[in-house]
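A.B. asks: Dropping the structure in here first, questions after.
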Amino acid sequence: MEKWAAQELQYADLGDRRRKKRLISIVENLASQISTSVRQASGNLAAASATYDFWNSPYFHPSDIIAAQAKSTVERIKEHPIVLAVQDTTSLDFTTQKAKKGMGYLDCKTSFGLKLHTTLGVSPVGISLGLINQ
């Protein structure tokens, strides 16, 4: 059976099949240990460094990865005659992060941060189909 990350990122075009393979490996590593740091999830310092180098690559743009995931979501949504668009707004509070500049007010003039609004596609029986918008 094909691994989930390879399925989810099947439409990724990063200009080289080795980059796509590396992306899938990174995603699998990070997703398998979501409560750990990149260093811990990578297994060693060299692999963690390679992950950071990958994210900073000049050969592709983050939107290339997002587009691949979005296409996978659209393909899943097409399989359902009814899709619920579940929405949520979350406040990301950066008030104590003094180095952050340009943040707007959250719910009062003493808290600063961002509002994050997410829309998730869900089947009528509760199966997550993917991120529609954020």
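A.B. asks: Condition first: open to solvent by 70 Å² or more (accessible area, probe 1.4 Å), modelled with pLDDT of 95 or more, of a type outside the set (A, V, I, L, M) and assigned to a helix (DSSP H, G or I). Can you find one or more residues in the stretch 71-78 that meet it?
C.D. replies: Yes, the stretch 71-78 contains at least one residue that is open to solvent by 70 Å² or more (accessible area, probe 1.4 Å), modelled with pLDDT of 95 or more, of a type outside the set (A, V, I, L, M) and assigned to a helix (DSSP H, G or I).
A.B. asks: Restricting to the stretch 106-134, name every residue that is open to solvent by 80 Å² or more (accessible area, probe 1.4 Å) and assigned to a loop (DSSP other than H, G, I, E, B).
C.D. replies: Hits for the stretch 106-134 are Asp107, Lys109, Thr110, Pro124, Val125, Ile127, Gln134.
A.B. asks: Return only the number of the condition from (1) under 15 Å from the mean Cα position of the chain (by Cα); (2) farther than 24 Å from Ala6 by Cβ; (3) among the hydrophobic types (A, V, I, L, M, F, W, C) that Val125 does not satisfy.
C.D. replies: Going through (1) under 15 Å from the mean Cα position of the chain (by Cα); (2) farther than 24 Å from Ala6 by Cβ; (3) among the hydrophobic types (A, V, I, L, M, F, W, C) one by one, Val125 breaks only (1).
A.B. asks: Condition test on Tyr105, is it of a type in the set (Phe, Trp, Tyr) and in contact with a helix residue (DSSP H, G or I) (Cβ under 9 Å, 6 or more places away or on another chain)?
C.D. replies: No.
A.B. asks: Can you confirm whether the stretch 90-105 contains a residue that is open to solvent by 60 Å² or more (accessible area, probe 1.4 Å), touching a strand residue (DSSP E or B) at 6+ places or on another chain (Cβ under 7 Å) and under 30 Å from Val125 (Cβ atoms)?
C.D. replies: Looking for residues that are open to solvent by 60 Å² or more (accessible area, probe 1.4 Å), touching a strand residue (DSSP E or B) at 6+ places or on another chain (Cβ under 7 Å) and under 30 Å from Val125 (Cβ atoms), one finds none in the stretch 90-105, hence no.
A.B. asks: Next question, about the same structure. Could you go through the stretch 84-101 and let me know if any residue there is farther than 26 Å from Lys21 by Cβ, touching a Pro at 6+ places or on another chain (Cβ under 8 Å) and not acidic (Asp, Glu).
C.D. replies: Yes: one or more hits.
The values are calculated or read from the model by the stated rules, or taken from the named source; none is laboratory data. Quick caveat: nothing in here was measured; it's all calculated off a predicted structure. Note: ideal-geometry Cβ built from the backbone for every residue, glycine included; neighbour counts use all protein chains shown. Calculation scope for accessible area: heavy atoms of the full protein, side chains included, ligands and nucleic acids excluded. Shrake-Rupley method; radii C 1.70, N 1.55, O 1.52, S 1.80 Å.
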